[in-house]
Amino acid sequence: MAEAAVEIEYLRKRYKGGFEALKGVSLTVPKGSVFGLLGPNGAGKSTMVKSLLTIIRPTECRGSLLGKKIGDRKTLGRVGYLPEHAKFPEYLTGRQVVLYSAGLAGVPGKAARERTSQLLDLVGLKAWQDKPVGTYSKGMKQRAGLAQALVNEPEIVFLDEPTDGVDPEGRIEIRKIIERMRAEGRTVFVNSHLLAEVEQVADFVVILVGGKIIRSGSMKELTQAEKTFEIRSLGPIPLDLRESLEKSGIKVAGDQVLVPAANAGDVQPVIDALRTAGVVIREMKEARLSLEELYLSSMDSARGEMNGGAA
Ligand SMILES: Nc1ncnc2c1ncn2[C@@H]1O[C@H](COP(=O)(O)OP(=O)(O)OP(=O)(O)O)[C@@H](O)[C@H]1O
Ligand SMILES: [Mg+2]
């Protein structure tokens, strides 16, 4: 099995006042992967990240971060962190924010200065690096936050809503940075509400609801639809053919044909029928659920279970 960057055997967090934000969760983040933590507002996502980094004290916690016990101070120098709603002293310049973070992580002066310049350029803040953060827009602050999270060349980086407030181009740049980190063998742990963005980068996802994990696995496994193939034609399917296909349990909508079949071989007779009717096929693929569909169906079944449990 791949080495784990994070191994939570058991994590529980009860805030002062008694609210239990994490009700005993376990998960594994394989080294070198992009890991997406999803869930509605208040699910406990930020609480989980802050507990792992011991920014808040977990109530009960067993597990490891980069091979060391969670809570080991020295390990934090190998970790990067972009907090949710990252705030920096308004009078510091973007450059000073990143240098300050480098200092905290123990990056030597020369390397810190070099990396700071490179990262500020990478996140698109070059022209603004000597201006105070107080004059930055929301998305610019977020970009500065990302640069400071990467300045120690972390083995794992925790990004809590990294694209919050960032414009479309900036989001694409952030996605590329995440992909580059993975290509370098680093691990990226990302909290996000933006399913389409997570879908594009994550290797593994966990859905957290009410402090409990309701779904987890690789993106590939989780989005695998039940034995269905999708055929796309050039233009709509003729009505008479559509009717005969529908009689054999095949769904047709416009230029899309959904064939229940265990393998590609079983789809060939349908293709033959389409071709005979003069239909031009432009695409055939195994159907997959979108992350949005997976998320919504997971939330539905979690609600169903909760209601069932209460009855
Ligand atoms: N300091 C605190 N004291 C008491 N309760 C808290 C504290 N911080 C968070 N909570 C509660 O814990 C729960 C989980 O909060 P958390 O911030 O981890 O959620 P989240 O999944 O990150 O949500 P969001 O998507 O809105 O960022 C929420 O119900 C929140 O109100
Ligand atoms: Mg949060």
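The values are calculated or read from the model by the stated rules, or taken from the named source; none is laboratory data. None of these values were measured; they are calculated from a predicted model. Virtual Cβ from ideal backbone geometry, glycine too; neighbours counted across all protein chains shown. Accessible surface is based on the protein model in full, side chains and every heavy atom, while ligands, DNA and RNA are left aside. Shrake-Rupley method; radii C 1.70, N 1.55, O 1.52, S 1.80 Å.
Looking across the range 17-42 at every residue that is modelled with pLDDT under 95 and at negative phi, the one that is surrounded by the most Cβ atoms within 10 Å (Cβ to Cβ) is identified as PRO40.
Against the condition more than 16 Å from ligand 2 (Cβ to nearest atom) and surrounded by 14 or more Cβ atoms within 10 Å (Cβ to Cβ), how does ARG180 come out, does it pass? No: the conditions fail for ARG180.
Applying the criterion of being small (Gly, Ala, Ser) and part of a loop (DSSP other than H, G, I, E, B) to the residues of the range 1-42, the residue that is nearest to ligand 1 (Cβ to nearest atom) is GLY42. Confirm whether LEU37 is over 22 Å from GLN200 (Cα atoms) and assigned by TED's automatic domain parsing to the domain that holds LYS141. So LEU37 fails the test. Put simply, of VAL29, VAL49, VAL34, VAL6 the only residue that is touching a strand residue (DSSP E or B) at 6+ places or on another chain (Cβ under 8 Å) and within 16 Å of ligand 2 (Cβ to nearest atom) is VAL49. Looking at the range 205-260, the strands (runs of 3 or more DSSP E) lying wholly inside it that each contain 3 or more residues that are open to solvent by 20 Å² or more (accessible area, probe 1.4 Å) sit at 212-218, 224-233, 256-260.
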